[in-house]
1. Is one or more of the residues making up the stretch 197-208 at pLDDT 85 or above and farther than 19 Å from LEU40 by Cα?
2. Could you grab me the full set of residues in the stretch 13-58 that are β-branched (Val, Ile, Thr), touching a strand residue (DSSP E or B) at 6+ places or on another chain (Cβ under 8 Å) and in a loop (DSSP other than H, G, I, E, B)?
3. Confirm whether SER165 is assigned to a strand (DSSP E or B) and under 17 Å from the mean Cα position of the chain (by Cα).
4. Please determine, by comparing only the residues of the stretch 228-257 that are of a type in the set (Asp, Glu) and part of a loop (DSSP other than H, G, I, E, B), which one is nearest to ALA5 (Cα to Cα).
5. Residues that are of a type in the set (Gly, Ala, Ser) and surrounded by fewer than 16 Cβ atoms within 10 Å (Cβ to Cβ): does the stretch 56-66 have at least one?
6. Is one or more of the residues making up the stretch 129-147 in the same structural domain as PRO17 (by TED's automatic domain parsing), farther than 24 Å from ARG251 by Cβ, among the charged types (D, E, K, R) and at pLDDT 95 or above?
7. So, in the stretch 168-190, of the ones that are touching a residue at least 12 places away in the same chain (Cβ under 8 Å) and assigned to a loop (DSSP other than H, G, I, E, B), which residue ends up farthest from ALA42 (Cα to Cα)?
8. Which numbered condition in (1) without any contact (Cβ under 8 Å) to a residue 60 or more places away in the chain; (2) surrounded by fewer than 19 Cβ atoms within 10 Å (Cβ to Cβ); (3) over 28 Å from ALA185 (Cα atoms) is the only one that ALA5 fails?
Amino acid sequence: MQAQAPQVTFIGLLGVPLVKPGDDLVDIILRGVHASGETLRAGDVIVLAQKIVSKAEGRFVDLADVTPSADAIHYGDIAQKDPRIVELVLRESSEVLRCRPGVIVVAHRLGFVMANAGIDVSNVAETQAERVLLLPENPDRTCAAMRDELRRRTGIEVAVIVIDSIGRAWRNGTVGTAVGVSGIAALLDLRGRPDLHGRTLRATEIGLADEIASGASLIMGQGDEGRPIVLARGVPYDRRAGTAQELIRARELDLFR
């Protein structure tokens, strides 16, 4: 009997509405699964775009309420950015690493090194007020809560990942990157396992949550596609508890700081 070829399937859930503060994301997930003709299975991974999580958590800030500090004005002049947005970048960050026209690279309070602290104005509905959207307050905690609630409502054990589009050292372009994880290893340690020739792997660690995030991001798109929730099915490897914090390289090992 021929062995079945391994595969991972990414399904963009249908019927996901525009998310508003206070919306029940678990209910939206379950409705999307049903609208897509699917049912949850043990081992599935639910991947959500950061923006809808931030919107549900009400992480909007009206720029009219922001008074820029001297530092914000200084970095705003260098980056050629609205100093009110720069002020929010500084509030959301623990350290400014680089600044040039168009971008401020910071260490976010969550530990991620990223441009502009992940603050975004794209896909934020226009209102009379100028608003921007911050990252979720605690994405790992949010993922754990959604995973618990999905288990309570369905009896199915799934993993949950929240992703954002983040740039990388060495390479141009952004890729889907995990900023919150629950129910799956974010960093998969293969050290001690054999390779194809029986040699012991000594340095191999896989950013598993980021690999899932990049695959889901292909389905989500970056513009007006309207597919902010993806169901990933068939992800290999044993499950364990995990958080996105596993993916953050220790400062003393970060050769770019």
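The values are calculated or read from the model by the stated rules, or taken from the named source; none is laboratory data. All figures in this text were calculated on a predicted structure; none of them were measured in a lab. All Cβ positions, glycine included, derive from the backbone under ideal geometry; neighbour counts span all protein chains shown.
1. Of the residues in the stretch 197-208, the ones at pLDDT 85 or above are 207-208.
Within this subset, residues satisfying the condition of being farther than 19 Å from LEU40 by Cα are 207-208.
Looking for residues that are at pLDDT 85 or above and farther than 19 Å from LEU40 by Cα, one finds at least one in the stretch 197-208, hence yes.
2. First, the residues of the stretch 13-58 that are β-branched (Val, Ile, Thr): 16, 19, 26, 28-29, 33, 39, 45-47, 52-53.
With the extra rule that they be touching a strand residue (DSSP E or B) at 6+ places or on another chain (Cβ under 8 Å), the set shrinks to 16, 28-29, 33, 45-47, 52-53.
Passing the criteria: only VAL16.
3. On the way: assigned to a strand (DSSP E or B): yes; under 17 Å from the mean Cα position of the chain (by Cα): yes.
Spelling it out, SER165 is indeed assigned to a strand (DSSP E or B) and under 17 Å from the mean Cα position of the chain (by Cα).
4. Our first condition is that a residue be of a type in the set (Asp, Glu); within the stretch 228-257, this holds for 238, 246, 252, 254.
With the extra rule that they be part of a loop (DSSP other than H, G, I, E, B), the set shrinks to 238, 254.
On the way: ASP238: 18, ASP254: 38 Å.
Here the answer is ASP238.
5. Narrowing the stretch 56-66 to residues of a type in the set (Gly, Ala, Ser): 56, 58, 64.
So of that shortlist, the ones also surrounded by fewer than 16 Cβ atoms within 10 Å (Cβ to Cβ) come out as 58, 64.
Yes: the stretch 56-66 contains one or more residues that are of a type in the set (Gly, Ala, Ser) and surrounded by fewer than 16 Cβ atoms within 10 Å (Cβ to Cβ).
6. Within the stretch 129-147 (the criterion being in the same structural domain as PRO17 (by TED's automatic domain parsing), farther than 24 Å from ARG251 by Cβ, among the charged types (D, E, K, R) and at pLDDT 95 or above), the answer is yes, since at least one residue qualifies.
7. ALA169
8. (3)
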